[in-house]
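See below for the structure under consideration.
Derivation of every value follows stated rules applied to the coordinates shown; laboratory data play no part. Only a predicted model underlies this, so the values are computations on that prediction, with no experimental measurement involved. Cβ atoms come from the backbone with ideal geometry, glycine included; neighbour counts cover every protein chain shown.
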Amino acid sequence: MHTIVSVKFTKKRNQGTKAIEYGHKALEIREKIGSRLLASTLLILGQLYQSIGNYIQSKKYLLESLVAAQKRFDQRIQAEAYKLLFKNYIDTQNYKAMDNLMTELYENIEIGVSAEILGIYMEVSRYYLSNDIEKAEKILERGLEKLNTSY
């Protein structure tokens, strides 16, 4: 049984590595031509690194994706980058970075309010429910504030 699980994990990791290789090739091309798809390519690389447990590389590409998406005012990519960064910080228990990112998300006026953004507030507050109820409450209040100020 252990061998089967090990083989499946190795196969998945090899597929992830191959996907990352192709992602870097796409990134190189998109950087050269100044493609509008740069932010999404960086996002995909961040996702791929996260899927194989390389949180340092994942964070690097997700932050780059966020910056590129902000430059293009791409709210969808920004929301997805925030969501994946929160997952990264939760998985690595990087609470300080999570708090800083929560503040950044709250202060980011350009991103607006979407189902994805409200979902982030819900997900982060749900995480804090087991650790710090006051913080979970504050995060939910900020999410509701953001929703109320958008209309």
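Some values worked out for this structure:
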quantity	calculated
Alpha-carbon centroids, segment 31-61 and segment 85-151: separation in whole Å	22 Å
Full-stretch length increase - ASN148, LYS60 - with 0.36 nm per residue and alpha-carbon distance subtracted	28.4 nm
Computed magnitude of the charge dipole of the chain (debye, nearest 20; Cβ of K, R +1, Cβ of D, E -1)	840 debye
Relative packing of peptides 73-81, 105-113 - highest average C-beta neighbours within 10 Å first	73-81, 105-113
Residues LYS71 and TYR22, FRET efficiency given R0 of 25 Å [Cβ-Cβ distance, rounded to 0.05]	0.55
Peptides 60-69, 128-137 ordered by average Cβ neighbours within 10 Å, highest first	60-69, 128-137
Angle between the chain longest axis and helix 2-33 axis [Cα atoms, degrees, rounded to 10]	80 degrees
Computed E for GLU137/GLU110 - FRET, C-beta separation, R0 22 angstrom, nearest 0.05	0.25
Using alpha-carbon coordinates, inclination of helix 95-107 to the longest axis of the chain, degrees	60 degrees
Aspartates and glutamates whose Cα lies under 16 Å from that of LYS18, excluding same-chain neighbours fewer than 8 positions away	GLU28
Cα coordinate range in segment 6-151, projected on the principal axes (Å, largest first)	43, 40, 22
